[in-house]
Amino acid sequence: ELTQDEIQLLQYVMESYNKNRMPQDLTSKLIENLSTDDNFIFLTTMATSHVQILVEFTKKIPGFQTLDHEDQIALLKGSAVEAMFLRSAELFNKKLLDSHTDVLEERIWNSGISHDYINPMFSFYKSVGELKMTEEEYALLTAVVILTPDRQFLKDKESVEKLQESFLHILEKLCKQHHPNNPQHFARLLGRLTELRTFSHHHTDMVMSWRVS
Amino acid sequence: PASNLGLEDIIRKALMGNFDD
């Protein structure tokens, strides 16, 4: 069972996670028919908005503000792309786009982005979907992604590790509560983090190839 | 426009809480 402190920490994170979502007027544009140029600009705006929302969420993670300012930037820079793919996986799997995911999926396939990049993305969404994650699990996993202690340029790895451990601990307990018949659930969630890292590596190439195309 | 900013600029501005500036 969660301790009183852990319950409070979880409540705090959930409140912030739910408050910091993509604005409705922006997500509703996802299903509009845009020209290729407008589509590119729109997705750039989406990505920018995602980063702003991610920062707002991260600011509220207990302990984050106590970290060195440059370390805060190193953590956010290192995790932005991974957090974006995790959030997209949640959008797709929980049908948060008012069941317009099919339209969006088709647009992504026809966007001009090489299918070599799109295939692993949808395969990731599918593998995340199979885990049947709860909202708490998505929020905590996002916090764990942000508080990764081996990001480039991070100075005080020890403090970040301590913060990350407290969230990993709560996540592990929740996994046991939510999925009592699946003792491997927690390990599988962590496995998805490894997959997320590969997106971070390929993201720049993907955007570049898209821009050229 | 925001689309011309790099990732680090966006993060710095958002952290400072003055993204609209």
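Listing for the model above:
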read-out	value
For the stretch A:51-200, size of Cβ-based charge dipole, Lys and Arg +1, Asp and Glu -1, in debye	180 debye
The stretch A:129-169, Rg to Rh (Cα coordinates; Rh as Kirkwood inverse mean 1/r)	1.08
Alpha-carbon Rg/Rh ratio, for chain A, with Rh computed the Kirkwood way	0.96
Karplus-derived 3J(HN,Hα), 6.51/-1.76/1.60, for each residue of the stretch A:10-25, Hz, glycine and proline x	4, 4, 4, 5, 5, 4, 5, 5, 6, 6, 9, 10, 4, x, 4, 5
Within chain A, helix-based [θ] at 222 nm, where runs of 4 or more DSSP H residues each add -39,500 (n - 2.57), nearest 500	-24500 deg cm²/dmol
J(HN,Hα) series, the stretch A:140-151, from Karplus relation 6.51 cos²θ - 1.76 cosθ + 1.60, nearest Hz, glycine and proline x	5, 5, 5, 4, 5, 4, 5, 8, 7, x, 9, 6
Shielding by other protein chains, A:48-56, mean Cβ within 10 Å	5
Net charge of Cβ neighbours under 14 Å - reference A:F167; Lys, Arg +1; Asp, Glu -1	-4
Karplus-derived 3J(HN,Hα), 6.51/-1.76/1.60, for each residue of the stretch A:196-213, Hz, glycine and proline x	4, 4, 5, 5, 4, 5, 8, 4, 4, 4, 5, 5, 4, 5, 5, 4, 4, 5
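Readers should treat all values here as calculations from the given coordinates under stated rules, not as data from a laboratory. The shown structure was predicted, so the numbers you read here are calculated from the model rather than taken from an experiment. All Cβ positions, even for glycine, are placed from backbone atoms using ideal geometry, and neighbour counts span all protein chains on display.
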